[in-house]
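Only the coordinates and a few stated rules stand behind these numbers; no lab work does. This structure is a prediction, so every number in the text was calculated from the model and none was measured. Quick reminder, even Gly has a Cβ in these numbers, built from the backbone with ideal geometry, and neighbours come from all protein chains shown.
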């Protein structure tokens, strides 16, 4: 039976994958700009570059008044003016996750009327294609101000892998993540996402492509010693994936549970190379007791609109994971 991920950082990591994207245009072609965007031939209404907000007003759709059930007697129902202050968003993660020496499957989704609050447990900095996260997940987090119940589309079904995956909702309306050791989407390929819909969210019937497994060429072996004074370059066979993430995670200097530092670096899949610059590596502490990890993962991100809801879907293929120490 599927179980909720026991690794506290897993959900934060997967949501973080959706937090970085390339500048885009509504027709799905990457915009020429400082992010190095390049034209892509994609179906109208789908945008693998991601993060066109596709807001209702921008798309010529007036959402009108949004009636939100506060979920409690003292709050009751309240109304958001959808033509002026529509902050609705939705996100889904489908695919693979590398934990220790094993591949796992992780699927989750969330629909929100208002954005997630900033997480004070993580300090984020960076430049160009990389960012640095310094997190203490043992610290106190802020309460989510989102009213309950959360909007949802009913049970979400994902087919096309080695077995069907279903996401059900908790009492507060939020989807319960699916997490299971073993890869349901090991081969990649097209998967279908369906849901019956509800009064808040229209039905879903979407097709998403999970990238095929990524062939990492360099560095060889399974254990790395990384020199902070030199660029770290990863080479891989050019991939049809929209992008490749190279993620370096280290325990912080303090060995307190939940403390870690991470560099996320994003590169185009068809280039065959991704480099974490030394100016990023120099921000890392040297490894003291517990080794960290270097993970290389291919992914596609598609942004579409379901009714008035902008929905971003990250589809993540199998990659490679190294044990890593930093000197």
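Fully extending the segment from residue 87 to residue 283, taken as 0.36 nm per residue of separation minus the present Cα-Cα distance, adds 67.1 nm.
Of 231, 86, 119, the sequence from fewest to most neighbouring Cβ atoms within 10 angstrom is 231, 119, 86. Ordered by the number of other Cβ atoms lying within 10 Å of each residue's own Cβ, fewest first, 266, 99 fall into the sequence 99, 266. Which residues in the range 201-242 have a backbone N closer than 18 Å to a point placed 7 Å from the Cα of residue 327 along the Cα-to-Cβ line? Within reach of a label on residue 327, which here means backbone N under 18 Å from a point 7 Å along Cα→Cβ, the range 201-242 contributes 219-233.
What is the Cα centroid distance between the range 258-326 and the range 85-141, reported in whole angstrom? If you average the Cα positions of each part, the centres end up 12 Å apart. With the highest mean first, a sort of the peptides 299-306, 286-293 on other beta-carbon atoms found within 10 angstrom per residue produces 299-306, 286-293. Quick check: from the Cα gyration tensor, does the range 112-226 come out rounded (a/c under 1.5), prolate or oblate? Oblate shape, in that a/c is at least 1.5 and b/c is the bigger or equal ratio. Spacing of the modelled spin labels on residue 273 and residue 218, each 7 Å from Cα toward Cβ, amounts to 0.8 nm. Take each peptide in 162-169, 218-225, count the other Cβ atoms within 10 Å of every residue, and average; sorted highest first, the result is 162-169, 218-225.
Kindly identify the range 172-267 as rounded, prolate or oblate by the Cα gyration tensor criterion: order the square roots of the eigenvalues as a ≥ b ≥ c, call it rounded if a/c is under 1.5, otherwise compare a/b with b/c, prolate if a/b is larger, else oblate. In terms of gyration-tensor shape, oblate.
Residues 279, 174 in ascending order of nearby Cβ atoms (within 10 Å, fewest first): 279, 174. For residue 227 and residue 192, a Förster radius of 45 Å and the Cβ-Cβ distance give a FRET efficiency of 0.50, rounded to the nearest 0.05.
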